[in-house]
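K.L.:
Sharing a structure, written as structure tokens. Questions coming.
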Amino acid sequence: MNTYPQTIIKLINEFGKMPGIGQKTAERLACHVLKLPAEEAMLLAYAIRDVKKLIKTCTVCFNVSESDPCHICSNTNRDQSLICVIEQLADLLTIEKTGKYRGLYHVLGGHISPLEDITPESLTIEKLLLRVKGDHVKEVILATNLNFEGDATALYIHRQLHALGVKVTRLARGLPTGSYLEYANTAIVADAMSGRNEMLGV
């Protein structure tokens with residue numbers, strides 16, 4: 001029988017909805033919040049509120065930002081002719097940490113996966129094609145994860161871009177096959193970006 005008051009049970013349940021948070025971790029987090037001084041607990045509450053209230057999705061690259069276009073798309077010092085295509089926001093953060101990439105991004109919002117009912121239309125692929133058609137884009141780097149879904153997504157996008165005559169490259173295989181970009185070592189990601197290979201054929 002659960003001996004927690006209903007207010008704490010509600011907090012535990014909310015923490016438990018987060019990815020990777022099991023029941024025990026959710027209980028520990030709830031107890032941690034309970035022990036915090038009121039001021040510190042409210043800082044957490046305000047931070048969550050502000051994220052939901054102030055953060056927007058960039059209508060150009062689908063990054064998240066407090067402005068639209070985001071701070072990367074609107075930065076004129078970045079290479080506007082280069083777009084790095086990634087699956088999710090965490091991948092963008094991983095690449096930015098390397099300090100080696102100075103182009104733009106395009107966040108797909110996932111990968112193609114028929115088993116999960118995720119089709120090309122579920123992602124931002126069409127928006128990417130419009131960007132390549134409308135902007136002065138010379139190269140598109142496909143930085144999807146090096147697993148079955150990521151490779152299938154990269155191949156699909158490559159086929160769509162082939163007709164547009166733009167150079168399409170893929171991260172070098174210094175990254176282990178089956179790996180997720182967001183968990184990769186920063187130095188390895190930097191090497192994979194620098195040693196990217198052009199994708200040929202369709």
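The values are calculated or read from the model by the stated rules, or taken from the named source; none is laboratory data. Just so you know, these numbers come straight off a predicted model, no measurement behind them. Every residue, glycine as well, gets a Cβ built from its backbone with ideal geometry; the counts of neighbours run over all protein chains shown.
K.L.:
Go through the range 85-119 residue by residue and tally those that are under 13 Å from the mean Cα position of the chain (by Cα), on the phi < 0 side of the Ramachandran plot and of a type outside the set (Phe, Trp, Tyr).
P.N.:
Residues in the range 85-119 being under 13 Å from the mean Cα position of the chain (by Cα), on the phi < 0 side of the Ramachandran plot and of a type outside the set (Phe, Trp, Tyr): 16 in total.
K.L.:
Further question: Counting only residues that are touching a residue at least 12 places away in the same chain (Cβ under 8 Å) and surrounded by 13 or more Cβ atoms within 10 Å (Cβ to Cβ), how many does the range 60-78 have?
P.N.:
10
K.L.:
Exactly one of (1) at pLDDT 95 or above; (2) at negative phi is unmet by residue 62. Its number?
P.N.:
Every condition holds for residue 62 apart from (2).
K.L.:
Between a residue in the range 118-132 that is in the same structural domain as residue 142 (by TED's automatic domain parsing) and touching a residue at least 12 places away in the same chain (Cβ under 8 Å) and any residue that is assigned to a helix (DSSP H, G or I) and of a type in the set (Ser, Thr, Tyr), which pairs come within a Cβ distance under 8 Å, given they are 6 or more apart or on different chains?
P.N.:
Every condition considered, the pairs that remain are 120/156; 123/153; 125/156.
K.L.:
Could you please find all residues in the range 79-134 being assigned to a loop (DSSP other than H, G, I, E, B) and either surrounded by 14 or more Cβ atoms within 10 Å (Cβ to Cβ) or of a type in the set (Val, Ile, Thr) (or both)?
P.N.:
87, 88, 100, 101, 108, 109, 110, 111, 112, 119, 123, 124
K.L.:
Take residues that are closer than 22 Å to residue 90 by Cα, of a type outside the set (Asp, Glu) and modelled with pLDDT of 95 or more and tell me which of the helices (runs of 4 or more DSSP H) falling wholly in the range 1-55 contain 2 or more.
P.N.:
Hits in the range 1-55: 6-16, 38-54.
K.L.:
Only one of 10, 35, 56 is surrounded by fewer than 11 Cβ atoms within 10 Å (Cβ to Cβ), free of Cβ contacts under 8 Å to residues at least 24 places away in the same chain and among the basic types (Lys, Arg). Can you tell me which?
P.N.:
Answer to the check: 35.
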